[in-house]
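*Asks:* I have a structure I would like to understand better, so I am pasting it below and will then ask my questions one at a time.
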Amino acid sequence: MVEYDPFDRLTAHNPFPVYRRLRDEAPVYHNSKHDFWALSRYEDVVAGHLAPEVYSSAHGVTLEGQDRGLPFLIVKDPPEHTYHRKVAMRMFTPRRVNKLEGFVRETAGRLLDDVVGRDSFDLVHEFSFRLPLDVISELVGIPAGMREQVHLLSDRFAHRGADGSVSEDALNAHVELVGIFAELIAERRRRPGDDVMSLLMTTPVEEPDGSTRLLDDGELALRFLELAFAGHETVARLIPNGVVALYWYPDQRRQLVADPGLIPGAVEEMLRWDPPSHFQGRWTTRDVELHGTVIPADSRVILLTGSAVHDERKYPDPEIFDIHRDVDRHVAFGFGRHLCLGAPLARLEVRVAFEELLKRFPDFAIDETGVTRMYNSNVRGLSGLPLVVSATVGG
């Protein structure tokens with residue numbers, strides 16, 4: 001009998017063998033210890049995303065459900081979600097995202113130029129978390145001097161114990177983050193600017209009854225917390241995952257160096273091969289029968305993105321990293337109503353990151369003795385990745 005516990009450290013380190021057994025042996029899996037159900041096949045995960053009336057987000061999208069009741073977009077259902085999403089979409093218009101490419105490239109180049117000439121550097125600490133943090137901060141309006149503090153607090157806020165528990169330190173980090181954004185909002189009210197924070201403060205939200213109102217300071221603080229966390233955490237984890245893929249598959253790396261035009265497709269394959277978010281929590285609003293098993297109403301269900309993107313029923317040879325793979329109907333950024341608003345910006349950041357990284361360091365190796373992994377609710381990634389970039393190292 002297959003067992004799946006996302007809080008088990010060995011499973012979290014390499015969940016893919018367990019995912020395969022889930023897909024083959026228990027596509028509708030129940031964990032009695034933590035009392036949740038898991039859907040692991042691609043088509044079932046997509047169907048779950050496309051049925052918010054059956055698989056609700058309002059009870060929280062983490063396994064623990066600690067985010068239930070918070071005014072985050074990701075934990076709202078229609079119609080409330082619809083009206084709030086319309087406002088949030090104004091932050092990620094194609095024009096606003098495209099205008100950021102110059103800043104993204106300048107920032108990526110500056111961070112990498114700082115390590116040119118060294119034999120090695122830590123990709124996570126010196127590049128992958130700093131780049132998206134600077135970008136989302138520029139978009140939202142977080143001052144440069146506060147950005148690293150926001151990242152460190154976000155990491156503490158996301159951390160979970162081996163049993164999935166939320167520590168007092170994580171709760172304190174949450175309070176500190178909300179306090180930071182409350183201060184920034186108060187400053188913007190005194191001196192509005194041309195940034196997303198000022199935009200959201202003055203954009204009415206339409207309510208289901210047709211009335212409109214402005215978000216209050218508490219709602220704004222939590223909205224910016226959501227943006228700052230989601231807006232840099234995904235990219236900060238995806239870049240190292242992609243670097244590991246190119247280290248394991250040096251022939252693929254050499255193709256990207258020879259033809260950078262292949263990098264956008266490679267980014268899609270990185271998202272598929274080891275996505276930064278491996279599951280999304282939902283809550284059943286009624287009994288659901290699937291593959292001969294009934295999931296009762298009012299049950300926690302997790303949609304296993306990390307398994308869906310390795311489903312042999314969808315992707316041939318899914319364990320192989322192939323930059324030429326046609327990755328359609330991508331679920332790495334969610335799907336349907338909860339498709340990540342920042343997905344176009346994340347794709348831009350990762351594309352530029354690898355264009356600039358491979359331009360400076362076409363050959364690299366990983367010092368595997370220094371690799372460290374982070375463990376939190378549903379974000380999968382590395383907290384340390386020493387990259388050896390001396391000229392004598394080849395792939």
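Throughout, read-outs are computed from the coordinates displayed, never taken from laboratory work. Every value quoted in this text rests on a predicted model; they were computed, and no experiment measured them. Here the Cβ positions follow ideal geometry from the backbone for every residue, glycine too, while neighbour counts run over all protein chains shown.
*Asks:* Compute the label zone of R190 within segment 134-149: residues whose backbone N is under 16 Å from the point 7 Å along Cα-to-Cβ.
*Replies:* 143
*Asks:* Quick test of the membrane-span-like rule: which DSSP H helices of the chain reach at least 20 Å along their long axis (C-alpha atoms) with mean Kyte hydropathy at least -1.0?
*Replies:* Working: long enough: 168-190 (34 Å, 0.03); 217-248 (47 Å, 0.60); 343-360 (26 Å, 0.13).
Those that clear 20 Å and a mean of -1.0 are 168-190, 217-248, 343-360.
*Asks:* Cβ neighbours within 10 Å, averaged per peptide: list 132-140, 274-282 in order, most packed at the top.
*Replies:* Numbers: 132-140: 22.9, 274-282: 24.8.
Most protected by this proxy first, the peptides run 274-282, 132-140.
*Asks:* Any idea what log10 I(q)/I(0) is at q = 0.10, 0.22, 0.24 Å⁻¹ for segment 162-264, Debye with uniform C-alpha scatterers and no solvent?
*Replies:* -0.54, -1.14, -1.27
*Asks:* Along the charge dipole of the chain, Cβ charges K/R +1 and D/E -1, which of A332, V140, F36 sits furthest on the positive end?
*Replies:* Sorting the options by dipole projection puts first V140.
*Asks:* With a 10 Å radius around each residue's Cβ, average the other Cβ atoms per peptide and rank 35-47, 291-303, 117-129, highest first. Before the final figure, lay out the partial values.
*Replies:* On the way: 35-47: 21.2, 291-303: 16.0, 117-129: 18.9.
Going by the mean number of other Cβ atoms within 10 Å, highest first, we get 35-47, 117-129, 291-303.
*Asks:* Give me the one-decimal nm value for the distance between modelled label points at D24 and E312, 7 Å along each residue's Cα-to-Cβ direction.
*Replies:* With each label placed 7 Å out from Cα toward Cβ, I get 0.6 nm.
*Asks:* Of T285, G265, L304, whose Cα points farthest to the positive end of the dipole of segment 263-309 (charges on the beta-carbon: +1 Lys, Arg; -1 Asp, Glu; origin at the Cα centre)?
*Replies:* It is T285.
*Asks:* For a Förster distance of 30 Å, can you work out the FRET efficiency between the beta-carbons of D216 and F16, rounded to the nearest 0.05? Could you put the intermediate results ahead of the total?
*Replies:* Working: r = 44 Å, r/R0 = 1.47.
Calculated value: 0.10.
*Asks:* Testing the spin-label approximation: label points 7 Å from Cα along Cα→Cβ at V294 and M1. State their distance in nm.
*Replies:* 2.0
*Asks:* Return the Rg/Rh ratio of segment 272-389 with Cα-based radii and a Kirkwood Rh.
*Replies:* Values: Rg = 17.9 Å, Rh = 17.2 Å.
For segment 272-389, the value is 1.04.
*Asks:* Right, something else. Provide K359, K314, K33 in ascending order of the number of other Cβ atoms located within 10 Å of each residue's Cβ, fewest first.
*Replies:* Numbers: K359 13, K314 19, K33 10.
Lowest to highest Cβ neighbour count: K33, K359, K314.
*Asks:* Right, another one. Please list the three semi-axes, largest first and in whole Å, of the ellipsoid equivalent to the chain, using sqrt of 5 times the eigenvalues of its alpha carbon gyration tensor. Intermediate results must be reported in sequence, preceding the final value.
*Replies:* Numbers: eigenvalues 191, 169, 72 Å².
Taking √(5λ) for each Cα gyration eigenvalue gives 31, 29, 19 Å.
*Asks:* Taking Rh as the Kirkwood radius computed over C-alpha pairs, what is the Stokes-Einstein D of segment 1-55 at 20 °C in a medium of viscosity 1.002 mPa s, expressed in µm² per second? Mind showing how you got there, number by number?
*Replies:* On the way: Rh = 12.0 Å.
D = 179 µm²/s.
*Asks:* Another question, if that's okay. With every atom except the alpha carbons ignored, what do you get for Rg and Dmax of segment 310-358, in angstroms?
*Replies:* 13.2, 35
*Asks:* If you wrap segment 212-298's Cα atoms in a convex hull and average its projection over all directions, what's the area in nm²?
*Replies:* Details: hull surface 42.9 nm².
Reported value for the Cα convex hull: 10.7 nm².
*Asks:* Would you please name the GluC sites (Glu not before Pro) within segment 244-343 that are DSSP coil residues with at most 15 other C-beta atoms within 10 Å of their C-beta?
*Replies:* Numbers: sites: E268, E269, E289, E312, E319; in loops: E312, E319.
Loop-located and lightly packed - E312, E319.
*Asks:* Could you order the peptides 55-62, 362-369 from most to least packed, using the average number of other C-beta atoms within 10 Å per residue?
*Replies:* Details: 55-62: 21.2, 362-369: 15.0.
Result, highest mean first: 55-62, 362-369.
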